[in-house]
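Peer 1: Once you've had a glance at the structure underneath, I'll fire off some questions.
The values are calculated or read from the model by the stated rules, or taken from the named source; none is laboratory data. Keep in mind that this is a model prediction, so the values were computed, not measured. So basically every Cβ, Gly included, is an ideal-geometry build from the backbone, and we count neighbours across all protein chains shown.
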Amino acid sequence: MKRGELIESLINIVLLSLLVGIAIAIVCMKDLFAVVMLAGIYGLISASFFVVMDAVDVAFTEASVGAGISTLLMLVVITMTGRTEHPTRHKPLLAIFVVVVTGGLLIYGTFDMPYLGAIDAPIHTHVAPRYINESMQEVGVPNIVTAVLASYRAFDTFGEVVVIFTAGIGVLALLSVVRRRDEDSVIDSINDSMHEQHLILRIVSKMMIPFIMLFALYVQFHGDYGPGGGFQAGVIFASAIILYVLLFGLSTARKVINQTLIQLIAAFGVLFYGCVGLVSLLNGGNFFDYNVLSSDPIAGQHLGILLIEWGVGCTVASVMIIIFFNFAGRKEFQQRNGNLIDNISKKNKGI
Amino acid sequence: MLIAATLAVLVVMLLAIIRTVIGPTLYDRILAVNMFGTKTILLLSLLGFVMGRPEFLDIAIVYALINFISVIAVLRYSDSFEFGSKTGEKTAENRIPQSGERLELGNKEAE
Amino acid sequence: MLVHLPVLQVIVPLMAAPLCLILKRVQLVWLFTLLVSGIAFLISVLLLQQVMSSGTIIYELGGWEAPWGIEYRIDKLNAFLLLIITGISTVVLFAAQTSIEKEISQDKHTVFYVLYLLSLTGMLGIVATGDAFNVFVFLEISSLSAYALIALGKDRRALWAAYQYLIMGTIGATFILIGIGLMYQMTGTLNMEDLSQRLPEVAQTRTVFTAYAFVIVGICLKLAMFPLHLWLPNAYAYAPSIVTAFFAATATKVAIYLLIRFTFSVFGLSFSFTTLPLQIIFMALGMLGIFVASTTAIYQTNVKHLFAYSSIAQIGYMIVGFSISSVAGLTATLLHLFNHALMKSALFLALGAVMYRIGSVQLSQFQGLGRQMPLTMAAIVIGGLSLIGVPLTVGFVSKWYLLMALIENGWWPLAVLVLLGSLLAIVYVWRIVEMAYFKPSLATHANVKEAPISFLIPIWILVFANIYFGIDTRLGVQVAQAASESLFAVSVSDITIIEDSL
Amino acid sequence: MRHTLTLFVTLTVFWLLNSGHNTVLMTLLGLVSIIFVLYVAHKMDVVDHESQPVHLSLKFPGYFLWLLKELVLANISVVKSIWLGNSTISPCLMTIKSSQKTDLGIVIYANSITITPGTVSVDLIGDRITVHSLFKENIEFLKAGEMDRRVTELES
Amino acid sequence: MIMGLFNDWVVVVLMMIGLYIIIAHGNLIKKIVGLTIFQTSVFIFYISMAKIDGGTAPILVDGVTQYSNPLPHVLILTAIVVGIATTAVALALIVRIKEAYGTIEEEEIQEQDSQHKDSHKLNIHNSSEINRDKKEC
Amino acid sequence: MIFDLDIIRELISALFLFMGSFLCISGGVGILRFPDFYTRMHAVGVTDTLAAAMILIGLMLQNPDGLVVIKLSLILLMTLFINPTASHALAKAAFHNGLMPLIEKNKKNNSLPDKKQESEKG
């Protein structure tokens, strides 16, 4: 046991040092593409770190979000905004001042903190013991994180879903463009080039996509037993769709995935989550009191968690799709308005 | 042996990061990130065993999927013309080294 | 259903937002939004009544009792805030449809209302909740929708303003998150009530000190308190007029509420004001804010900018009241919170009407508007008078209470300074009056007519409220006093606990 | 239809292998999920002979074992040159012809080339595969065409 | 003590690096990357405090009694979602800023704004302007 | 007898893990040492295929029951399936965007497309 802990802390140190190294590299790099790649790596390492710290659910999320979606979005944006950072501006004095003051304050604050892993730290003795010891009787789900997330603190999770919904609407407000149908065909010729050219990618992806989707649904329904749940499932499902868009082009994907429908599903997810609360309210309990959903409290809890996770999954998947479609659509829109002819000629020359 | 393997993977991760940082071309970076992703999958599988709870391999599977999609995305957009053409990086990548410098390690970043 | 009012307060607008997206038809969406906001207002009135008559309401979400689940805790302070937010939101929405017609492109109208409702939800959630982390979640809902709403502005500078706001806002929110984390680490709980009981035990540690500093700095970033105010003027100036009217009246108020909540309820008076030189810092920053922002306001050429700087100055007054740390001072702050919401929403709505008619709010464009848009300009004048603090307007009431509180503590010089600050307000209000009434009309504005009725009704409702609450001060003062007394009661009992433990 | 059926079977196997929870509820949810995925996959038009290569499933293990042997040998040579230094490598680029008839066959061939270290298929136009290799010998090996022949056999 | 507080100190260092990028760098995308680093460091802080010696992941199995604290995990799950939401909105803003200003460098944007400061002409940014901006840059 | 089997299993597992680690490190050194993008790609190939397979098989032997083995083999299958695809796509993208490989001087003229000569002048 002793040796195991030693090794854990060694891995811990190595991972954290890697994080610091990458952060410093990010400060120095001027090439935004490299910065984004490093940010992706940063996400990967922090997720590994979360596994070392026993936070498997968090690692799961960070894996799909930090390394996946956010890197992807930044990449799309870079293609629209250019790749290099201008070296002109630096006001390091102000920055260093702020950084030193806040950093100093935080270091000062750390000296009275409980040490890493201390068993008698307040957080291990006050609220958490009930979650760990009683949740099996009260909620009946082996994954304590899911129990806390979906039942004890269901309202926080509701807020989280609304946050992601807000982001989707915000992106819609900022980037959506009114499309005219007749322009699709012109765009097709650009976008479909990927799947025409890449025979191997096409075939491999075609094999993969159904499995990715099924894996997402597996994660969705097994959140009670292991790491995973609605949020992670939504992201994975969305990434299957994104893969499809990347390969077959936006216009093909638009035919398969109706944009209006996706927006409705996003709204539906939030409403569905909220309605679970309202039903429990009408059944005489408090908002999100799943005990009243069924005659047996534990069955009620199970049902409630299943339903709200489903709502989360719907919203997250559709919002991620909305976000990606809007970014990609904006890029397409810029191409159309900008130098369409220029593009095509360049493309032809390149091949 | 588990521990040794874990450490080996960590070392390789470090090497991959170095390659990401020094580049020199965009594709070297993508290559390094891709390799880093594979190593993360290994690390995650190993960690499960080191920590004594190997049942959380789903995370590694997700990584494998996400890694694939990321690489495709990077290629999709690096394929697109705007990428780097403005900064003149393309010409740097186009440069073919003379045979004399054939075995030189990593050309300096052209920008 | 009455027992569920606290949660319905937040849930009703929250659930309405996705419904809006489903409704799609713009006319319908507006009516629906208005209706929802009205219902929320009704709920807040009922809540305030309930709280005033029977004391604090506690609502356990999910049926889990407090430190394990999340609870909503409605006391006099947040019932008051809920009333302000829902009230202003409802009134402002009357004018929304006409206003955004000219400022936002047609296809974004539905999205606008969805974001508006989400933003309202976020603010209500922050105010209603009794859980520290829940505050962060709802803070982000309101902030994210705010960024998007501001970016909907017509001017391209709106985008830049929204971006700056986003950076500052996210840093602020993350600071709050760090603070909450540190508190949690020392106490093991996230519930505010529980925190306030467990914090005194560890109050002497450096970690709690850091936690307090981070929470306060984070809130002050959101609050646009003087040295951290840089994001605010542009955000207010270039956002759509409706958004400005709504945010100017509510967003900073919510931040002030958080400041009060964390200082008085969570950390407790004794910790906040005795272990730290907070009083002096806040007093100085508040005063500096009043003078610097008022002076800057005088030199503005864009009237929205002008009033935005004036808002920063008004925040200064609230901070001064807060820093006195006495019942009277806090009462003054709470009163000013209420009053400032009334004035600024009236003023910015009137500016929205001007924007609607002449498409600009540059000061130079105001020439002669007093004759062409008499009712709108009259509203601006009354709002301005209230801003200065002329008797018979609400502005006077809160300044009076502030002066009284300062004098009660024997801080005469500060009282004089507050009065001097008001003189600066006279200058910038006068510049508008001069432009509007004493300059000939511009030739280009020959066809400008009075604002449409859909603007005039909400503007004048607010203006009458400004005058009514200036004359009949009972409601505001009663609630504010009761709220601040209850806060001090909690804090005082806090002190006795510490003394016992010592 | 045949492809849908095979996809259904493989998806079911995938679910059961992953799940490990064989309660009624879970099985039901699994079934619903699989049907949903099938629906979406159909809408996306990704279910066809390319993505469901049932026809070569029987011959595949034999080929796989042979490939594994090649893989190990190739790895050894590459690792050797990594440690011995850059003077031991002789990178070259060459276009070779493949004899497969279907897209899928070419894909298997190209991927087999890539998966063995030392050779990477760089480009693929029609039946011509451009290969980059670390050593001249690798190209010679590919030119000899054993791998090509085996893949073609697999395909027929 | 060094081992006990090592994580916290690294977190502080990471936070400061993130904050430094946000303040000192003018490129809008770089700022967002800085923001991500800043937020991630807070996640690390929360997750480190949940760790307990000899504990394992908070998923119940037979024969284990010591589990890490699940509550910070829940909070950080929410915070990660909030983070990605913020990033998405910020990136959308950046795309629009690029369209409207033709640049994503803070200084150049401020320069353009100060030039327009006193004119009351609206800088309307809509789709038709994209063309113009493209040509300019 | 069972005891013996366990020891043998452990030993084989350790052997696999050791081989895997060694190959991994080799690949890592290769990615730094090799002179250009295309050659580095071969180094990555080493770590991605055989090294990953060895380590994963080693892990399977560590815990030979049910779900874990299935998941590990799933991961292995995916690495073997995805990595060459990604590598190929990467190489192709690089090649099409004009990144030319370093090659032996005497080989130069018979294999490369004309594009190369153009860019050499520019």
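Peer 1: Name the residue that is surrounded by the most Cβ atoms within 10 Å (Cβ to Cβ), counting only residues in region A:309-327 that are away from chain E (no Cβ under 11 Å) and among the hydrophobic types (A, V, I, L, M, F, W, C). Full working, then the answer.
Peer 2: Going through region A:309-327, the residues away from chain E (no Cβ under 11 Å) turn out to be A:309-311, A:313-314, A:317-318, A:321, A:325.
This time we only want the ones that are among the hydrophobic types (A, V, I, L, M, F, W, C), so: A:310, A:314, A:317, A:321, A:325.
On the way: A:310: 19, A:314: 25, A:317: 28, A:321: 26, A:325: 23.
Going through the qualifying residues, I end up with A:317.
Peer 1: Looking at this structure, is residue C:270 away from chain E (no Cβ under 14 Å), among the small types (Gly, Ala, Ser), in contact with a Phe, Trp or Tyr (Cβ under 7 Å, 6 or more places away or on another chain) and surrounded by fewer than 24 Cβ atoms within 10 Å (Cβ to Cβ)?
Peer 2: Numbers: away from chain E (no Cβ under 14 Å): yes; among the small types (Gly, Ala, Ser): yes; in contact with a Phe, Trp or Tyr (Cβ under 7 Å, 6 or more places away or on another chain): no; surrounded by fewer than 24 Cβ atoms within 10 Å (Cβ to Cβ): yes.
It is false that residue C:270 is away from chain E (no Cβ under 14 Å), among the small types (Gly, Ala, Ser), in contact with a Phe, Trp or Tyr (Cβ under 7 Å, 6 or more places away or on another chain) and surrounded by fewer than 24 Cβ atoms within 10 Å (Cβ to Cβ).
Peer 1: Inside region A:99-109, can you point out the residues that are surrounded by fewer than 20 Cβ atoms within 10 Å (Cβ to Cβ) and either over 30 Å from the mean Cα position of the chain (by Cα) or over 25 Å from residue E:14 (Cα atoms) (or both)?
Peer 2: Filtering region A:99-109 for residues surrounded by fewer than 20 Cβ atoms within 10 Å (Cβ to Cβ) gives A:100-101, A:103-105, A:107-108.
Correct list: A:100, A:101, A:104, A:105, A:107, A:108.
Peer 1: Within region F:17-45, track down each residue that is at the interface with another protein chain (Cβ under 7 Å from one of its Cβ atoms), over 17 Å from residue D:88 (Cβ atoms) and surrounded by fewer than 24 Cβ atoms within 10 Å (Cβ to Cβ).
Peer 2: F:18, F:25
Peer 1: Here are A:6, A:10: which of them is more than 7 Å from every other protein chain (Cβ to nearest Cβ), in a helix (DSSP H, G or I), more than 17 Å from residue E:8 (Cα to Cα) and modelled with pLDDT under 90?
Peer 2: Values: A:10 fails: more than 17 Å from residue E:8 (Cα to Cα).
Every option except A:6 fails the conditions.
Peer 1: To continue, here is another question. Given the options A:80, A:113, A:74, name the one that is surrounded by 16 or more Cβ atoms within 10 Å (Cβ to Cβ), part of a loop (DSSP other than H, G, I, E, B), at the interface with chain E (Cβ under 7 Å from one of its Cβ atoms) and in contact with a helix residue (DSSP H, G or I) (Cβ under 8 Å, 6 or more places away or on another chain). Lay out the reasoning, then the answer.
Peer 2: Numbers: A:80 fails: part of a loop (DSSP other than H, G, I, E, B); A:74 fails: part of a loop (DSSP other than H, G, I, E, B).
Of the residues listed, the single one that is surrounded by 16 or more Cβ atoms within 10 Å (Cβ to Cβ), part of a loop (DSSP other than H, G, I, E, B), at the interface with chain E (Cβ under 7 Å from one of its Cβ atoms) and in contact with a helix residue (DSSP H, G or I) (Cβ under 8 Å, 6 or more places away or on another chain) is A:113.
Peer 1: Could you go through region C:60-71 and let me know if any residue there is buried (at least 20 other Cβ atoms within 10 Å of the Cβ), in a helix (DSSP H, G or I) and aliphatic (A, V, I, L, M).
Peer 2: There is at least one residue in region C:60-71 that is buried (at least 20 other Cβ atoms within 10 Å of the Cβ), in a helix (DSSP H, G or I) and aliphatic (A, V, I, L, M).
Peer 1: Just to check your reading of the model, which residue among B:48, B:52 is surrounded by fewer than 17 Cβ atoms within 10 Å (Cβ to Cβ), assigned by TED's automatic domain parsing to the domain that holds residue B:17 and either in a helix (DSSP H, G or I) or at pLDDT 50 or above (or both)? Don't jump to the end; show me each part of the working.
Peer 2: Details: B:48 fails: surrounded by fewer than 17 Cβ atoms within 10 Å (Cβ to Cβ).
Within the list B:48, B:52, the selection yields B:52.
Peer 1: What tally of residues in region C:170-207 results from selecting those that are crowded, with 24+ Cβ neighbours inside 10 Å, among the hydroxyl-bearing types (Ser, Thr, Tyr) and touching a residue at least 60 places away in the same chain (Cβ under 8 Å)?
Peer 2: The number of residues fulfilling the criteria is 1.
Peer 1: If residue F:107 satisfies all but one of (1) at pLDDT 85 or above; (2) surrounded by fewer than 24 Cβ atoms within 10 Å (Cβ to Cβ), what's the number of the condition it fails?
Peer 2: (1)
Peer 1: Being under 30 Å from residue F:27 (Cα atoms) and either touching a residue at least 60 places away in the same chain (Cβ under 8 Å) or not aliphatic (A, V, I, L, M) (or both) narrows it down to one residue among D:61, D:53; which is it?
Peer 2: On the way: D:53 fails: under 30 Å from residue F:27 (Cα atoms).
Exactly one of D:61, D:53 is under 30 Å from residue F:27 (Cα atoms) and either touching a residue at least 60 places away in the same chain (Cβ under 8 Å) or not aliphatic (A, V, I, L, M) (or both), namely D:61.
Peer 1: Condition check: of a type outside the set (A, V, I, L, M), surrounded by fewer than 24 Cβ atoms within 10 Å (Cβ to Cβ) and within 30 Å of residue A:95 (Cβ to Cβ). Does residue E:46 satisfy that? Explain how you work it out, then say what you get.
Peer 2: Working: of a type outside the set (A, V, I, L, M): yes; surrounded by fewer than 24 Cβ atoms within 10 Å (Cβ to Cβ): no; within 30 Å of residue A:95 (Cβ to Cβ): yes.
Judged against the criteria, residue E:46 is not a match.
Peer 1: Quick one: which helices (runs of 4 or more DSSP H) lie wholly within region D:51-148 and hold at least 3 residues that are loosely packed, with under 14 Cβ neighbours inside 10 Å?
Peer 2: Numbers: elements: D:60-84, D:103-115, D:136-144.
Of the helices (runs of 4 or more DSSP H) lying wholly inside region D:51-148, those with at least 3 residues that are loosely packed, with under 14 Cβ neighbours inside 10 Å span D:60-84, D:136-144.
Peer 1: Keeping to region D:12-38, report how many residues are within 10 Å of chain A (Cβ to nearest Cβ) and either of a type in the set (Ser, Thr, Tyr) or in contact (Cβ under 8 Å) with a residue 12 or more places away in the chain (or both).
Peer 2: Here the count works out to 8.
Peer 1: Inside region A:208-224, can you point out the residues that are at pLDDT 85 or above and either over 14 Å from residue B:58 (Cβ atoms) or in a loop (DSSP other than H, G, I, E, B) (or both)?
Peer 2: The first filter runs over region A:208-224 and keeps only residues at pLDDT 85 or above, leaving A:208-222.
Selection gives A:208, A:209, A:210, A:213, A:222.
Peer 1: While we're here: Considering only region C:299-307, I want to know if a residue exists there that is under 29 Å from residue C:125 (Cβ atoms) and out of contact with any Cys (no Cβ under 7 Å at 6 or more places or on another chain).
Peer 2: The first filter runs over region C:299-307 and keeps only residues under 29 Å from residue C:125 (Cβ atoms), leaving C:304, C:307.
Next cut, out of contact with any Cys (no Cβ under 7 Å at 6 or more places or on another chain) only: C:304, C:307.
Yes, some residue in region C:299-307 is under 29 Å from residue C:125 (Cβ atoms) and out of contact with any Cys (no Cβ under 7 Å at 6 or more places or on another chain).
Peer 1: Considering only residues of region F:56-100 that are free of Cβ contacts under 8 Å to residues at least 12 places away in the same chain, among the polar types (S, T, N, Q) and surrounded by fewer than 23 Cβ atoms within 10 Å (Cβ to Cβ), which is nearest to the other protein chains (Cβ to nearest Cβ)?
Peer 2: F:63
Every residue, every condition in (1) more than 7 Å from chain E (Cβ to nearest Cβ); (2) outside any helix (DSSP H, G or I); (3) not acidic (Asp, Glu), yes or no:
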residue	(1), (2), (3)
A:21	yes, no, yes
A:46	no, no, yes
A:70	no, no, yes
A:86	no, yes, yes
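Peer 1: Which of (1) surrounded by 24 or more Cβ atoms within 10 Å (Cβ to Cβ); (2) without any contact (Cβ under 8 Å) to a residue 24 or more places away in the chain; (3) over 30 Å from residue C:194 (Cβ atoms) is the odd one out, the single condition residue C:114 does not satisfy?
Peer 2: Residue C:114 satisfies every listed condition except (2).
Peer 1: Report every pair of residues separated by at least 6 positions or lying on different chains whose Cβ atoms are under 8 Å apart, first residue within region A:225-237 and assigned to a loop (DSSP other than H, G, I, E, B), second polar (S, T, N, Q).
Peer 2: A:225/A:143; A:226/A:143; A:227/A:143; A:228/A:220; A:229/A:146; A:229/A:220
Peer 1: What is the number of the single condition among (1) modelled with pLDDT of 85 or more; (2) at the interface with chain B (Cβ under 7 Å from one of its Cβ atoms) that residue F:48 does not meet?
Peer 2: It is condition (1) that residue F:48 fails.
Peer 1: In region C:212-237, which residues are part of a helix (DSSP H, G or I) and more than 21 Å from residue C:190 (Cβ to Cβ)?
Peer 2: Of region C:212-237, the ones part of a helix (DSSP H, G or I) are C:212-223, C:226-228, C:232-237.
Within region C:212-237, C:220, C:221, C:223, C:226, C:227, C:228, C:232, C:233, C:234, C:235, C:236, C:237 qualify.
Peer 1: Looking only at region A:116-143, how many residues end up being in contact with a strand residue (DSSP E or B) (Cβ under 7 Å, 6 or more places away or on another chain), buried (at least 18 other Cβ atoms within 10 Å of the Cβ) and in contact (Cβ under 8 Å) with a residue 12 or more places away in the chain? Reasoning before the result, please.
Peer 2: The first filter runs over region A:116-143 and keeps only residues in contact with a strand residue (DSSP E or B) (Cβ under 7 Å, 6 or more places away or on another chain), leaving A:117, A:119, A:124, A:132, A:142-143.
Subset that is buried (at least 18 other Cβ atoms within 10 Å of the Cβ): A:117, A:124, A:132, A:143.
With in contact (Cβ under 8 Å) with a residue 12 or more places away in the chain added as a condition, the list becomes A:132, A:143.
Within region A:116-143, residues that are in contact with a strand residue (DSSP E or B) (Cβ under 7 Å, 6 or more places away or on another chain), buried (at least 18 other Cβ atoms within 10 Å of the Cβ) and in contact (Cβ under 8 Å) with a residue 12 or more places away in the chain number 2.
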